[in-house]
Amino acid sequence: MKLKNIWFTGTGNFAALCLENLIKDGLTFTKIITGLPTRSGRNGKENPSPVELKAEELGLNVTRTGKLNENQELLSDLEKNTPELIFVIDFGQIIKEPFLSAPEYGCINIHPSLLPEYRGAAPIQRALLDGKKYTGVSVFRLVKAMDAGGILAQEKFEIPESFNASDLYKKLAETGCKIASEALEKIPEYNLTPQDDSRATYAEKLNKNEFELSFSMTAEKFCDTVRALDMSGGAFIFVNNKRVKIWRARIVREGENKNKKNNAVFPCSDFCVELLEVQSEGKKRTTGQEWARGIKN
């Protein structure tokens, strides 16, 4: 059974990726809802949401909204032409009644973790900061409690050592949309697996103190921090009293052959790390070796 009336509600970058992937997977949306543009600069330049930009790229219309539950036009649409299902992804608002329960199959979210692990705002970054070797993506039905609804589909993913947060972000969006689309093909069968709340962990927002690196860290922690923060502004370290962002690094393990000409290798508390891509204050990104030659000459 194919659903004929599905709404998509989202605002941020993850939502934009999901919108594109869900459409590639064959879903169509009768309404796309996104947040209001932000404003920047002296002239208050209007910046449409990532979802609005993606919809425009795909030739789709969007409906902008402030607080969803105060939008009388959408409340009227919900009553007159109730959608069978609403995707709510990276929207930035808490979904309340009547939107939560009006659709026959509810509101569905794609969350980049193996729920009930890493409920909350920064699941990808927290998984990498914690040095996890596996993560995953969950498709679940929204309830009032945060990220606590029954799971419709879930897939585990082994994190390659070369993956940073932006790589994982794209992969989990793609996988989440695929398993969501496959699950919806089985409607009207709609089996949800309850989450075990006793196993729940929470992915708190990133703290600015977590962005600073130190060579006193273990090499693994150093590299995990670099990987986790690449799409959040980048991790940094102070060298000669100057802030240097580290965009990519790798562990140089004991016994590994070292290139004597590679001066971008630094000792941590256990092993060494090689800085692969760095950026000094006010300068462009460069290779670690080019940067290191500059500070060591």
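Filter segment 173-200 down to the residues that are polar (S, T, N, Q) and surrounded by fewer than 15 Cβ atoms within 10 Å (Cβ to Cβ) and list them by number.
Residues of segment 173-200 polar (S, T, N, Q): 175, 181, 191, 193, 195, 198.
Hits for segment 173-200 are 191, 193, 198.
Where residues in segment 205-258 are among the basic types (Lys, Arg), in contact (Cβ under 8 Å) with a residue 60 or more places away in the chain and within 14 Å of residue 122 (Cα to Cα), which of them is surrounded by the most Cβ atoms within 10 Å (Cβ to Cβ)? So, considering only residues that are among the basic types (Lys, Arg), in contact (Cβ under 8 Å) with a residue 60 or more places away in the chain and within 14 Å of residue 122 (Cα to Cα), the one surrounded by the most Cβ atoms within 10 Å (Cβ to Cβ) is 227.
Criterion first (in contact (Cβ under 8 Å) with a residue 60 or more places away in the chain, within 25 Å of residue 107 (Cβ to Cβ) and in contact with a Leu (Cβ under 6 Å, 6 or more places away or on another chain)) does residue 173 satisfy it? So that I can check it myself, show each step before the final result.
Working: in contact (Cβ under 8 Å) with a residue 60 or more places away in the chain: yes; within 25 Å of residue 107 (Cβ to Cβ): yes; in contact with a Leu (Cβ under 6 Å, 6 or more places away or on another chain): yes.
It is true that residue 173 is in contact (Cβ under 8 Å) with a residue 60 or more places away in the chain, within 25 Å of residue 107 (Cβ to Cβ) and in contact with a Leu (Cβ under 6 Å, 6 or more places away or on another chain).
Just one of the listed residues (147, 90, 167) is without any contact (Cβ under 8 Å) to a residue 40 or more places away in the chain, in contact with a strand residue (DSSP E or B) (Cβ under 6 Å, 6 or more places away or on another chain) and assigned by TED's automatic domain parsing to the domain that holds residue 196, namely 147.
Selection within segment 22-81: residues that are surrounded by fewer than 14 Cβ atoms within 10 Å (Cβ to Cβ) and among the small types (Gly, Ala, Ser). The member of this set that is farthest from residue 104 (Cα to Cα) is 41.
The values are calculated or read from the model by the stated rules, or taken from the named source; none is laboratory data. Every value quoted in this text rests on a predicted model; they were computed, and no experiment measured them. Methodologically, a virtual Cβ is constructed for each residue, glycine included, from the backbone with ideal geometry; neighbour enumeration extends over all protein chains shown.
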